[in-house]
Amino acid sequence: MPHEIGYSRLIDLFALDVRPLATPAVVSASVNRRVNAENKVLFPNGVAIDDTPVGHLEFALRHEGVELEVIEALFEHIAPAELVSRFQSTPNGEHIRRACFLWEWLKGEELPTTLTPGAGYVDLFPNDVYVTAEEPVRVKKFLVRDNALGTRDFCPTVRLSAVPRSPSLEELFVEANRVLSAVSNRELYDRAVRYLYLSETRGSYAIESETPSSDKTERFMQLLSQAGEPVTANEDWLVGLQNAIVRNAYSKEASYRAKLNWLEDATGRISFFPPPPDELRRAMAGWETFVNDQKRCRDTLVKATCISFGFVYLHPFMDGNGRLHRFLIHHALARSGGLPNGAIIPVSAVMLKKIPQYLEVLSAFSRPVTALWSYQRGELEPSITHTPGSRPYRFFNADKEVAFLHDMIRQAVTDEIPHELAWLHGYDEAFARLEQEFDLPQKDLSALIRMAHSNHGVLSQNRRKQYTYVPEAVLDRIEAVVRETFNPAKPGQA
């Protein structure tokens, strides 16, 4: 019979309050070498392992990567003397040194040993497996290079295999530059950038099933224009952003939330609990450090992903978290300096067309985390009997999120931006031609062009009835010019 080893064994042994492993390690008589199966990793019966908690931890660090959520939970159940004893017996062992460093790093406590290893430095996170800090910190006590992307208060992980390499983010930036630089003059460029801001604003609000007023639209567009400015990420900055985009004055926050928050699905079932308020500030302090640190995580795609998704998972406000999450994508991308001056990549506009995929990424995090909570539904709010604290929110693997965001950026650059610019060019041409032919009010002409374009170059009978004062021949001509300038597919054609 297969039996569990490594992290999975430790989870069962101590009933650790952590999310299930994606691929638990098991020993199986059916294999004679390591086999990476679909939902588990198989090891042969003769695999070398010391059947103790520290032995399973060493095995896990050697073969299964660095699962900070499991390790921090484990350290609540094993005595420091167990780690010290193993370290003193094998002071040059790479994985016991990593384990001892992690104890001090995660617990904020020193282990009682003065023994100095005689071997060379070892990476905390294997840099052939993980995206790691470009400027690791050398910790002399255990000869460990701390190359974590964050701190113990917020440290997402990303595997190298999850980061798409073709096209790279840098190549996508180059393509965005090429497309936008082809805009003929500065006035048209400025209009094109504003149009991209408008598209992004509408998309971000539409994802929340909200149609913003003209005032809210303008405020959010102004906010987008400030993305990438050299500011320090802190509570005051985020409160200011939140106040700029929420629905009404009653939703504006003065600080991070101090009460429980949760999300519900269409059936009224709770679909997500963010961290409890008494644990939120620690996690947000770690998030702020991650955002502000310019040395550790320099991969723009990875940083943008961890900043934005980390924020929405922490959910520090009662309202506005989703829109701020998407704003933070732009902030991180703009800070990289790779985009054209003032330009924006309309990621939300693409996400709006990919809502199932977007929700799948979010729920892959929210489902297992929410399953760690115990509660009863009350008349006004749930009665909580157990929470996992902030641990699963501080330590999450962002592989799915990185791949998803890359895909959204890719589609925005290769499809959405050219589509938006083609619309702007077609609209200008159609308007100029029709304005010369007919003496119609500009707002009516603009509306008719938009209506015909949205319906494959045809004005419906209902639309025509709205403009009974416009001769049928003029409406027919508007349809023809729209079809000529935009060349849309006819109704029924793809």
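Each value in this text was obtained by applying a stated rule to the coordinates, not by laboratory testing. Every value quoted in this text rests on a predicted model; they were computed, and no experiment measured them. Using ideal geometry, Cβ is built from the backbone for each residue, glycine included, and neighbour counts are taken over all protein chains shown.
Of the peptides 349-359, 59-69, 261-271, the ranking by mean beta-carbon count within 10 Å, highest at the top, reads 59-69, 349-359, 261-271. From largest to smallest, the equivalent ellipsoid semi-axes obtained for the chain from the alpha-carbon gyration tensor read 52, 24, 22 Å.
Fully extending the segment from Ala15 to Asn36 would add 5.1 nm, taking 0.36 nm per residue of separation and subtracting the current Cα-Cα distance. Just so you know, the Cα atoms of the stretch 111-182 work out to an Rg and Dmax of 18.4, 65 Å. A cut-off under 10 angstrom between Cβ atoms defines the neighbours of Leu124, and their net charge, with Lys, Arg +1 and Asp, Glu -1, is +1. Per residue, the Cα convex hull of the stretch 363-438 amounts to 162 Å³.
Other residues with beta-carbon under 10 Å from the beta-carbon of Val183 carry, at +1 per Lys or Arg and -1 per Asp or Glu, a net charge of 0. Between 0 and 90 degrees, rounded to the nearest ten: what's the tilt of helix 53-63 against the longest Cα principal axis of the chain? Compared with the principal axis, the helix lies near 50 degrees. Taking other residues whose beta carbon is less than 14 angstrom from the beta carbon of Gln226, and scoring Lys, Arg as +1 and Asp, Glu as -1, yields -1.
Once the gyration tensor of the Cα atoms in the stretch 192-318 is diagonalised, the equivalent ellipsoid follows with semi-axes of 23, 22, 15 Å, ordered largest first. At q = 0.08, 0.09, 0.16, 0.20 Å⁻¹ the log10 of I(q)/I(0) for the stretch 57-208 amounts to -0.41, -0.48, -0.89, -1.25, computed by Debye summation with a single uniform scatterer per C-alpha, solvent ignored. Cross-link pairs exceeding 21 Å between alpha carbons, from the set Lys354/Lys443; Lys259/Lys354; Lys40/Lys400; Lys107/Lys303; Lys216/Lys465; Lys216/Lys303: Lys354/Lys443; Lys259/Lys354; Lys107/Lys303; Lys216/Lys465; Lys216/Lys303. Here the residues Tyr7, Tyr197, ranked from fewest to most Cβ neighbours within 10 Å of their Cβ, fall in the order Tyr197, Tyr7. Where q = 0.17, 0.20, 0.29 Å⁻¹, what log10 of I(q)/I(0) comes from the Debye formula for the stretch 230-282, counting one point per Cα? Debye curve over Cα of the stretch 230-282, log10 I(q)/I(0) at q = 0.17, 0.20, 0.29 Å⁻¹: -0.71, -0.90, -1.10. Compactness check for the stretch 1-131: Cα Rg over 2.2 N^0.38 Å is 1.06. Subtracting the Cα-Cα distance of Asn248 and Asn487 from their residue separation scaled by 0.36 nm leaves 81.9 nm. In the calculated pair-distance distribution of the stretch 253-409, the portion above 29 angstrom amounts to 19 percent of the Cα-Cα pairs.
Every pair of different Cα atoms in the stretch 154-256 enters the Kirkwood calculation, which places the hydrodynamic radius at 16.8 Å. Show me, bin by bin at 10 Å from 0, the whole-percent P(r) of the stretch 371-494 based on Cα pairs. Pairs per bin, as whole percents: 11, 27, 17, 11, 12, 16, 6, 0. In the chain, the calculated helix contribution to ellipticity at 222 nm averages -16000 deg cm²/dmol per residue, counting -39,500 (n - 2.57) for every DSSP H run with n ≥ 4. For the stretch 251-319, the dipole from Cβ point charges (+1 on Lys and Arg, -1 on Asp and Glu) about the Cα centre works out to 240 debye, to the nearest 20. Relative to the longest principal axis of the Cα atoms of the chain, helix 442-454 runs at roughly 60 degrees.
Compute the acute angle (0 to 90°) between the alpha-carbon long axis of helix 300-314 and the principal axis of greatest extent of the alpha-carbon atoms of the chain; round to the nearest 10°. Taking the Cα atoms of the chain, the angle to 300-314 is about 80 degrees. Gyration tensor analysis over the Cα atoms of the stretch 421-486 returns equivalent ellipsoid semi-axes of 17, 13, 10 Å (largest first, whole Å). Sorting Asp17, Asp146, Asp236 by the number of Cβ atoms found within 10 Å of their own Cβ, with the fewest placed first, yields Asp236, Asp17, Asp146. The charge dipole of the chain, taken about the Cα centre with unit charges on the Cβ atoms of Lys, Arg (+1) and Asp, Glu (-1), comes to about 220 debye, rounded to the nearest 20.
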